[in-house]
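Reviewing the structure listed below.
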Amino acid sequence: MTLHAWRGYKTYAWGKNELRPVSKGGHSAGIFGHQDMGATIVDALDTLFIMGLTDEFNEGRAWIQNHLDFNQLTSQMSVFETNIRFVGGLLSSYSLTGDPLFRDRALHIARKLLPAFDTPTGIP
């Protein structure tokens, strides 16, 4: 089922945040903003690694290396979802692999989130 889902996402929505399975189209709106940030790629990477799906894992890693760049972000995103899906997903992949790419991207995104906590209560 994981391979089926991954292949469907790769075929119809690669780089988009989510796949709309009925219409077979990508979706990049809502809690992940209105830009193609590859939320599904980041979110699935640790599962692909744990399942031994090396080719698929490497495809996702390459996309992250070449395309995941929060400096290009011009859309609002949910702080909570960005933290758990992007930062959490990248740190999980780093924990499993030791690959500094994942640690460095997680740190970059976490730093981008810091201004959200600059409130009187510290709560975004």
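The values are calculated or read from the model by the stated rules, or taken from the named source; none is laboratory data. Please read all numbers here as calculations on a predicted model, not as lab measurements. Please note: Cβ atoms are built from the backbone with ideal geometry, for glycine as well, and neighbour counts cover all protein chains shown.
Brief remarks on what is shown
- Taking the conditions (1) within 16 Å of the chain's Cα centre (by Cα); (2) modelled with pLDDT of 95 or more; (3) within 22 Å of Leu3 (Cβ to Cβ) in turn, Ile50 satisfies each one other than (1).
This table checks each residue for (1) at pLDDT below 95; (2) under 14 Å from the mean Cα position of the chain (by Cα); (3) over 25 Å from Met1 (Cα atoms).
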residue	(1), (2), (3)
Trp63	no, yes, no
His67	no, yes, yes
Thr74	yes, no, yes
Tyr94	no, yes, no
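- Taken together, the criteria place Ala13 among residues that are over 28 Å from Leu114 (Cα atoms), without any contact (Cβ under 8 Å) to a residue 60 or more places away in the chain and crowded, with 17+ Cβ neighbours inside 10 Å.
- Filter result for Phe32 (surrounded by 19 or more Cβ atoms within 10 Å (Cβ to Cβ), at pLDDT 95 or above and on the phi < 0 side of the Ramachandran plot): no
- Meets criteria (surrounded by 15 or more Cβ atoms within 10 Å (Cβ to Cβ), β-branched (Val, Ile, Thr) and closer than 15 Å to Trp14 by Cα) for Thr47: no
- Counted residues, the range 71-124 - those being loosely packed, with under 14 Cβ neighbours inside 10 Å and basic (Lys, Arg): 1
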